[in-house]
Amino acid sequence: MANDYIVKDIALADYGRKELDIAETEMPGLMALREEYGESKPLKGSRIVGSLHMTIQTAVLIETLVALGADVRWASCNIFSTQDHAAAAIAASGVPVFAIKGQSLVEHWDYLDKSFMFEEGPNLILDDGGDATLYILLGARVEQGEDELIAIPKSEEEEAIFAQIKKRMAANPGWFTKMRSQIVGVSEETTTGVHRLYDLKKRGQLPFPAINVNDSVTKSKFDNKYGCKESLVDGIRRATDTMMAGKVAVVMGYGDVGKGSAASLRGAGARVKVTEVDPICALQAAMDGFEVVLLEDVVADADIFITTTGNKDVIRIEHMREMKDMAIVGNIGHFDNEIQVAALKNHKWTNIKEQVDMIEMPSGNRLILLSEGRLLNLGNATGHPSFVMSASFTNQVLAQMELWMRGDNYENDVYILPKHLDEKVARLHLAKIGVKLTKLDAEQAAYIGVAPEGPFKPEHYRY
Ligand code: NAI
C-alpha cells in the first residue's frame, strides 16, 4: 500500500537515516543478531505489531526484526516520545509506522489500531507498557460481553481507548476476538507492562505466552538503571536549563529506575533525597548515601521532584500546593498517573515550549511541569543512549524469536529468557567498550560448580 504510514514529515528521513547509521555503531548486540541470523531469517512468516517509543534506537530494533525476516508495523507507546526523524526514516524504508511527537490521546489509539492492520492480521506483539496487549484483550472482552463494567471509562485515557474499540467493533465485528486467538505471544519491555501481564495471568485472562523482557538482568539492571542515569538529567536540562548543582532533588522510589535517577541527579551535583515504601530499597538508598525521607517533610524546601515508582498518586495536589515557587516536577515512570496532573487542570497553565508548562498555584507559586507528567526522559530528551538500548532490544529480538520458533513449548504464562541468553546479550556488548573477560579454568569452574562457559550464576542470584 502506498504511503502506509503517518509521520510528522517524511522529508526528515535523511536526517533520521544518518542518526540511525550512527546508532548502529553503538548497538553491537542488535548488529550481531543481524550477522548471526540475517541469512537464515528465523522470523520469516511472523507479523509483528510493535508498540514502543518510536526513537532512533527503536528504528535499529525494527530494522533488525526485518533483517531476520519479520513483517513489522509500528506505533509509539507514548504521545510525546516519538523522534520524528526516526519515524520518517522507518516509513521511507517501507515499514508502516504511525507515530508523531505530540500526537493526541485519540490519535494514540487510532495509530495503535493502524499498526494492527496487516492484511492477515498480526501474530506477535512487541509491547512496551502493555497498550497493544490491552487493546486486543480489552476489545475482545467488550466484544464478548465478558465484563460490561470495564467498558465504563474513568479517565480521558480510558475514554480514548473505548472510543477506538467501539470504532473498530463497528467496522469489523468480531475483529478483537479473532486477533486474540491468532496472536501467538507477546514480549514486554517494561516493569509496568510486566505487572499487567502477571495480573492477567493471575486472573486467568492471559490467552497466549508472554516473555518478560524487563526482568532479563541485561535489561532492568542496565536500561532502567544506567539508562536513566544518563537520560533523566538530560531531560531536565533540555527542558529547563536549570543549574542542578546545589539544588535539593527528591526521587520517589528506589527501584532500578530510582537508583539510576538518584545517581543521575547526584552526578549533576544535586543534593538528593529519596522516598520509599519498601524497607529493602529504603535501606539500599540510605547505604548508598541518600537521605530517606517522607515527601511531606521535604516538599516545601526541595527544588526538583522526580517520580520513578510505577505507582499512582505519588505526588498529590496537596504536595504541589506546598512546593516552593518554580519547583520542577517530573515523572520518569511509565504512566502519567504518578503525579496528579488532572488536579492541576483548573489552574493557570502557561506553555513555555513543547513539553514544558508553568502552572500557577492558588498561593501564587509557580511549578514547572515536564511532559505533562509523562515520562520526561523521552518527552523532554531522546530517552536512553543507543548502547544500553542495544542490550534491551537484543533481549526483545531473542524473545520474539523464541515465541515465533518455539512458542508451542510455552503455556499461557509469563516467562523470562534463560540465563545463558542473558549472558549472551552481555557478552555481545563487551568488545565495544574494551572489556576483557577472565576465563575460568576447568578446576576453578568445578570448584564453584559451574561450566567454564557459563551460566555463571544460579537462578536465585540477584546481581
Ligand atoms: P521497581 O519496581 O524496581 O521500582 C519502583 C520502586 O518504587 C519500588 O522500589 C517501590 O517500592 C517504590 N514505590 C512504590 N510506590 C511508592 C510510593 N508511593 N512512594 C515511594 N516509593 C514507591 O520498578 P522500576 O523498574 O524501577 O520501574 C519504575 C517505573 O519506570 C515503571 O513504570 C517502569 O515501567 C518505568 N521505566 C521507565 C523507563 C524510562 O526510560 N523512563 C525505563 C525503565 C522503566
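The values are calculated or read from the model by the stated rules, or taken from the named source; none is laboratory data. Note that the structure is predicted; figures quoted are calculated from it, not measured. With ideal geometry, Cβ positions are generated from the backbone for all residues, glycine too; neighbour counts draw on all protein chains shown. For the accessible areas, the whole protein counts, side chains as well, though only heavy atoms, and no ligand, DNA or RNA atoms are used. Shrake-Rupley method; radii C 1.70, N 1.55, O 1.52, S 1.80 Å.
General remarks:
- Of the beta bridges in the chain, as assigned by DSSP with both residues counted there, near 20 percent are antiparallel.
- Long-range amide H partners of V248 with built H, under 5 Å: R271, D303, I304
- Derived scalar couplings between HN and Hα for the stretch 455-461 equal x, 9, 9, x, 4, 7, 5 Hz in order, rounded to whole Hz, by the Karplus curve 6.51 cos²θ - 1.76 cosθ + 1.60 (θ = phi - 60°), x for Gly and Pro.
- Ordering I332, F118, V272 by Cα displacement along the dipole of the chain toward the positive end leaves V272 in first place; charges were set at the Cβ atoms of Lys, Arg (+1) and Asp, Glu (-1).
- Centre separation in Å (Cα based) which lies between the stretch 432-463 and the stretch 350-366: 53
- Near L126: Cβ cut-off under 12 Å, other residues only, Lys/Arg at +1 and Asp/Glu at -1. The net charge is -3.
- Whole-Hz Karplus values for the stretch 36-44 come out as 6, 10, x, 7, 6, 6, x, 9, 4 Hz, taken residue by residue from phi with 6.51 cos²θ - 1.76 cosθ + 1.60 and θ = phi - 60°; glycine and proline positions read x.
- Residues of type aspartates and glutamates that K324 reaches as a straight line, Cα spacing below 17 Å, ignoring anything fewer than 8 places off in the same chain: E296, D297, D301, D303, D357, E360
- Using alpha carbons only: equivalent-ellipsoid semi-axes of the chain, gyration tensor based, whole Å: 33, 30, 22
- Rg then Dmax, both in Å and based on the Cα atoms of the stretch 317-463: 23.7, 71.
- Under 5 Å between amide hydrogens, built in the peptide plane, is the criterion, and for G185 it picks out I125 among residues at least 5 positions away or on other chains.
- Accessible area per residue in Å² at 1.4 Å probe, computed on the stretch 158-260: 40
- Remark: the stretch 226-380 carries a charge dipole of roughly 320 debye about the Cα centre, counting +1 on each Lys and Arg Cβ and -1 on each Asp and Glu Cβ.
- For the stretch 390-408 versus the stretch 71-90, the gap between their alpha-carbon centres in whole angstrom: 20
- Charge dipole (Cα centre; +1 on Lys/Arg Cβ, -1 on Asp/Glu Cβ; no other charges) of the chain amounts to roughly 340 debye.
- Between the listed residues I62, H460, A445, the Cα displaced farthest toward the positive end of the dipole of the chain, a dipole computed from Cβ unit charges relative to the Cα centre, is found at A445.
- In units of the compact-protein estimate 2.2 N^0.38 Å, the stretch 78-192 shows a Cα radius of gyration of 1.07.
- The string of couplings for the stretch 111-128 from the Karplus curve (6.51, -1.76, 1.60, θ = phi - 60°) is 5, 4, 4, 5, 6, 8, 7, 5, 3, 9, x, x, 10, 9, 10, 10, 10, 9 Hz, one whole number per residue in order, with x for Gly and Pro.
- Interatomic Cα distance distribution for the stretch 226-380, bins of 10 angstrom, percent: 12, 47, 35, 6, 0
- For I416, the residues whose amide H sits under 5 Å from its own are N212, ignoring neighbours fewer than 5 places away on the same chain, with H placed 1.01 Å from N.
- Net charge of Cβ neighbours under 9 Å - reference G373; Lys, Arg +1; Asp, Glu -1: -2
- With every protein chain in place, the chain: carbon and sulfur % of accessible area (1.4 Å): 52
- When only alpha carbons of the stretch 227-279 are considered, Rg and Dmax amount to 10.7, 35 Å.
- Put simply, the stretch 365-441 fits an ellipsoid with semi-axes of 33, 23, 10 Å; these come from the alpha carbon gyration tensor as the roots of five times its eigenvalues, largest first.
- Relative packing of peptides 348-357, 98-107, 64-73 - highest average C-beta neighbours within 10 Å first: 64-73, 98-107, 348-357
- Legend: Rg and Dmax of the stretch 170-251, from Cα coordinates, 19.4, 59 Å.
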